[in-house]
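Report on the following structure.
The values are calculated or read from the model by the stated rules, or taken from the named source; none is laboratory data. Owing to the predicted nature of the structure, the values given are computational and were not obtained by experimental measurement. All Cβ positions, even for glycine, are placed from backbone atoms using ideal geometry, and neighbour counts span all protein chains on display. Heavy atoms of the whole protein, side chains included, go into the accessibility calculation; ligands, DNA and RNA do not. Shrake-Rupley method; radii C 1.70, N 1.55, O 1.52, S 1.80 Å.
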Amino acid sequence: MATQFNQETSSKHEVKLAIYDLSQGMAGTLSAQFLGPNHAIDIIPHTGIIAYGYEYYFGQSGIEKADPSHFRSTRGLHPIDIHHLGETHVTQHEFEEWCRQHMTNGHYAPTSYDLFHRNCNNFSHHAATEALKLPKAVPEKILSVPHRVLATPMGDFI
């Protein structure tokens, strides 16, 4: 009997990282005044994974997916950059199952969101490296923003 070719499991899927600035430019202008000149940040980053025609992101409602244009229009945000992370052989079903498991086990549940320790950028990084098995993920300069803010004198008050 001939082996059938399974298109979904053997095809590649492009994966991108959408990077937003939640401050819409204000962080670059004002952060030095609040955090000190040595601790200024350029953006307050939000990231999402774009794959399978959707944007996947983590917020106070847990892991969500939406059409990228719907996400952007309902929030009034547009990416400041989109990084090509690579191509994955992971199917949409496998990825969404990973997302469901991480919501169910509490890792990315609505109640586990923490602005400084478990946020959208952590989700995007884990989704890219663990679920989608990509070598590239969220740049360190984005992942380090919470630590940089908390390491400032103002960080003691947050």
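Below is a table of values for the structure above.
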read-out	value
Filtered residues of segment 111-123 (kept if touching a Ser or Thr at 6+ places or on another chain (Cβ under 8 Å), farther than 14 Å from K65 by Cα and of a type outside the set (S, T, N, Q))	R118
Residue within segment 106-115 that is of a type in the set (A, V, I, L, M) and part of a loop (DSSP other than H, G, I, E, B) present	yes
Whichever residue in segment 18-71 is open to solvent by 40 Å² or more (accessible area, probe 1.4 Å) and among the polar types (S, T, N, Q) and, among such residues, is farthest from L85 (Cα to Cα)	Q33
Selection count, segment 119-143, where residues are touching a residue at least 12 places away in the same chain (Cβ under 8 Å) and either of a type in the set (A, V, I, L, M, F, W, C) or open to solvent by 60 Å² or more (accessible area, probe 1.4 Å) (or both)	15
Pairs where the first residue, in segment 42-64, is modelled with pLDDT under 95 and the second is surrounded by fewer than 18 Cβ atoms within 10 Å (Cβ to Cβ) and polar (S, T, N, Q), C-beta under 6 Å, 6+ apart	I44/S23
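Here is a yes/no grid of residues against (1) in contact with a helix residue (DSSP H, G or I) (Cβ under 8 Å, 6 or more places away or on another chain); (2) assigned to a helix (DSSP H, G or I); (3) among the polar types (S, T, N, Q); (4) in contact (Cβ under 8 Å) with a residue 12 or more places away in the chain:
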position	(1), (2), (3), (4)
L17	yes, no, no, yes
T29	no, yes, yes, no
Q33	no, yes, yes, no
G86	no, no, no, yes
